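Engineer: Sharing a structure, written as structure tokens. Questions coming.
The values are calculated or read from the model by the stated rules, or taken from the named source; none is laboratory data. Remember, predicted model here, so these are calculated numbers, not experimental data. Cβ placement follows ideal geometry from the backbone for every residue including glycine, while neighbour counts extend to all protein chains displayed.
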Amino acid sequence: MGVRQKIGIVATILISSVLLSNQLVVKASTVANLADETTTPTNSEKYSGTDGTCQWYISNTDILHIKSGTLSKGALGNTLKLDENKYSNVNFNSVKQDIKGISFDGLVVLPANSSWLFTGLGNNLQGVSGLTEIANTDRLDTSHVTDMSHMFDSVALKSLDVSTWDVSHVTDMSYMFSDTGLTALDLNNWNTSSVTNMKNMFSSTDVDSKLLSLDLANWNVGNVRDMSAMFMKVDKLKNLDISNWNVANVQKMVGMFSDAGDIKELDFSHWDNHSAKKTGLLLGTNLSRLTLGSNFSLKHTDLGQDLNGNNANQKWLITEKNDDLRIISSKQLLKGKYQGEVISAKNVAIFDIEVPNNLKETIIDKNVKGTIHNGVATLTIKVPDKNGYDPNKHLVSFDVNVDELHSKKGRYVVTLPEKVTYSKAKTTQKNVQYVDQLLATYPDAKSALLFKDNATSSTSRPLFAGTNWKSDKQMKKNGETYYRVGNNLWVKAKDVYTYEKQSLIIMTSDLQQNIFTSQGKKVTNRKLAANTKWQADRLAYINGKTYYRVATNEFIPTGDVTIVR
């Protein structure tokens, strides 16, 4: 049986196995490349030689094909050995600069030191290699590699799949993807537990960064010591989740996010950076939201400064421990010790709202956040309760023209344009008063239990999750508040939320907005995009705060949006 016939049978078996197992489909080109391991068409070969125990050839299309074996230590541009018996008087250094791509046509074992591996090939344009494609990277055995520093440094790749690589023994990844032409990298499943050096790993210094997508959320960085300039000038990357990283052992964070201007938010809630040198950590960034933990320090990070060290005069909205809102400068933020969410105060203001009333009392609803659009902020408040009285309105929204107001430290004092009338609460018996309000049970909770007039459990069926009800009475008993939804049927206030029907178009501000469930829990897997419009059908009151409903169980704080119509 001839070699070609044997190969045909092998290819048939491979394809059949894949179809039967219903797994990955083998492409025809993949099978052809396996065949190339044995039968390289002579008319496609320009040059050939060895590297370590691997044979290689350069095709007429200037693709370097590398067959099974183990590569030598060092850059391919230096380790490729031309078969001088076949090719005499050839300027091989010039030939190597014509290589446009690499194809691994068999299982290739990489050496422990794979630093600078893919450099020295392709036309060098302003220090950047003309090598644009590396195919079949899944055939590389990386299990013995300890050094991947500079591996793809300045290689102008358009795409690269290294998602299945075993990097469990790698200690050095510095400059690994620096100055590449890549737009996305799938590295989330990498085991980086042995890495100690990630300096300049994704940085861009000599070329404009094209990196748009990068998922590193699952990385174990517990042994990393150096993260200096790791994301420096990665200025097209918008989202980066590094919230769960354990950086307690990192000693250098100098310029880590320097000039990464498109990243709008970073979560440092679990970071401990007290022992790290962090000069310029956030220099030249354009952040709109920071989440700070008790062990994270902003000192010396240069937040709020451009690359020339000039102060950008950025303002931030913080929440004090007593829930007071305050607007401060970047300089104040750097000096203080704040925890929780800090957001950019651009187009944001704080309002204290005086409520005119018939009781002739001074009633002020303080710390109302408003988002400003075209000089106008839409404010929404729950009318403050007065013991023994029932207001003629509960939730009020109104617009204020901020350009016509004067603030003191970012805080405005305004008057509610409508007078609130408080009437003596009508009671049917002790601790029971009339109300007129709409209720809804939580869509993501179990059904809500019902109780009798004496607050004992009712045998009636419970209120199903995600259902709407009208209440006409409110009862307080044994420190618990109940709403009546039927004759001798009450539901606990903590098992429902109150709302008013609305039909509004609302718009988010210029940063992504968090959304919450009907129980006031933050939704962690999505946000509302910046400057987008949404239909709101309810104005809800949840855990003492007002929200607009934009989906069945998704609510956005009223202070984070403006009303379009």
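Engineer: Identify all residues within segment 290-308 that are part of a strand (DSSP E or B) and either hydrophobic (A, V, I, L, M, F, W, C) or surrounded by 19 or more Cβ atoms within 10 Å (Cβ to Cβ) (or both); write none if there are none.
Structural biologist: Within segment 290-308, LEU290, LEU292, GLN305 meet the criteria.
Engineer: Residues of segment 75-100 being under 24 Å from PRO111 (Cα atoms) and outside any loop (DSSP other than H, G, I, E, B), which ones?
Structural biologist: LEU76, GLY77, ASN78, THR79, LYS81, LEU82, PHE92, ASN93, LYS96
Engineer: Still on this model: For residues that are surrounded by fewer than 20 Cβ atoms within 10 Å (Cβ to Cβ) and in contact with an Asp or Glu (Cβ under 9 Å, 6 or more places away or on another chain), scanning just segment 238-251, find the one that is farthest from THR196 (Cα to Cα).
Structural biologist: LYS238
Engineer: Those residues that are more than 20 Å from PHE516 (Cβ to Cβ) and either among the aromatic types (Phe, Trp, Tyr) or outside any strand (DSSP E or B) (or both), I need them from segment 473-500; list them, please.
Structural biologist: ASN478, GLY479, TYR482, TYR483, ASN487, ASN488, TRP490
Engineer: May I ask you to list the residues in segment 207-250 that are hydroxyl-bearing (Ser, Thr, Tyr) and touching a Lys or Arg at 6+ places or on another chain (Cβ under 8 Å)?
Structural biologist: SER209, SER228
Engineer: Give me the residue from segment 501-519 that is modelled with pLDDT of 95 or more and assigned to a loop (DSSP other than H, G, I, E, B) and, out of that set, surrounded by the most Cβ atoms within 10 Å (Cβ to Cβ).
Structural biologist: The selected residue is SER518.
Engineer: Shifting gears a bit: Taking segment 384-426 as the region of interest, how many residues are in contact with a Leu (Cβ under 8 Å, 6 or more places away or on another chain), of a type in the set (A, V, I, L, M, F, W, C) and under 18 Å from ASP324 (Cα atoms)?
Structural biologist: Adding up the residues that qualify gives 1.
Conditions tested, residue by residue: (1) over 30 Å from THR371 (Cβ atoms); (2) modelled with pLDDT under 90.
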site	(1), (2)
SER397	no, no
SER447	yes, no
SER460	yes, yes
LEU463	yes, no
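Engineer: For segment 348-378, which positions are part of a strand (DSSP E or B), out of contact with any Phe, Trp or Tyr (no Cβ under 8 Å at 6 or more places or on another chain) and of a type in the set (A, V, I, L, M, F, W, C)?
Structural biologist: VAL348, ILE353, ILE364, ILE372, VAL376
Engineer: Cβ contacts < 9 Å: first residue of a type in the set (D, E, K, R), restricted to segment 459-481; second residue assigned to a loop (DSSP other than H, G, I, E, B), any location; separation 6+ or different chain. Result?
Structural biologist: Note: pairs meeting the criteria are ARG461/SER447; LYS476/ASN431; LYS477/ASN431; LYS477/ASN454; LYS477/ALA455; GLU480/ALA455.
Engineer: Limited to segment 529-565, what total is found for residues that are over 11 Å from THR380 (Cβ atoms), in contact with an Asp or Glu (Cβ under 9 Å, 6 or more places away or on another chain) and modelled with pLDDT of 95 or more?
Structural biologist: Total satisfying the criteria: 4.
Engineer: When you check ASN313 against the structure, is it of a type outside the set (Ser, Thr, Tyr) and either part of a strand (DSSP E or B) or touching a residue at least 12 places away in the same chain (Cβ under 8 Å) (or both), yes or no?
Structural biologist: yes
Engineer: Okay, next question. Against the definition (at pLDDT below 90, more than 19 Å from ASP510 (Cβ to Cβ) and not in a strand (DSSP E or B)), how does ASP323 come out, yes or no?
Structural biologist: So ASP323 passes the test.
Engineer: Further question on the same structure: If you check TYR483, TYR434, which single one turns out to be closer than 30 Å to LEU379 by Cα and touching a helix residue (DSSP H, G or I) at 6+ places or on another chain (Cβ under 7 Å)?
Structural biologist: TYR483
Engineer: Does SER269 satisfy the condition of being small (Gly, Ala, Ser) and exposed (fewer than 15 other Cβ atoms within 10 Å of the Cβ)?
Structural biologist: no
Engineer: Scan (1) within 28 Å of TRP165 (Cα to Cα); (2) part of a loop (DSSP other than H, G, I, E, B) for the single condition SER103 breaks and write down its number.
Structural biologist: Only one criterion is unmet by SER103, namely (2).
Engineer: Related question: With the checklist (1) assigned to a loop (DSSP other than H, G, I, E, B); (2) under 26 Å from TRP190 (Cβ atoms); (3) in contact with a Gly (Cβ under 8 Å, 6 or more places away or on another chain); (4) of a type in the set (Val, Ile, Thr) in hand, flag the one item VAL145 doesn't pass.
Structural biologist: (3)
Engineer: Kindly list the number of the only condition in (1) within 30 Å of ASN286 (Cβ to Cβ); (2) free of Cβ contacts under 8 Å to residues at least 24 places away in the same chain; (3) assigned to a strand (DSSP E or B) that fails for ARG526.
Structural biologist: (3)
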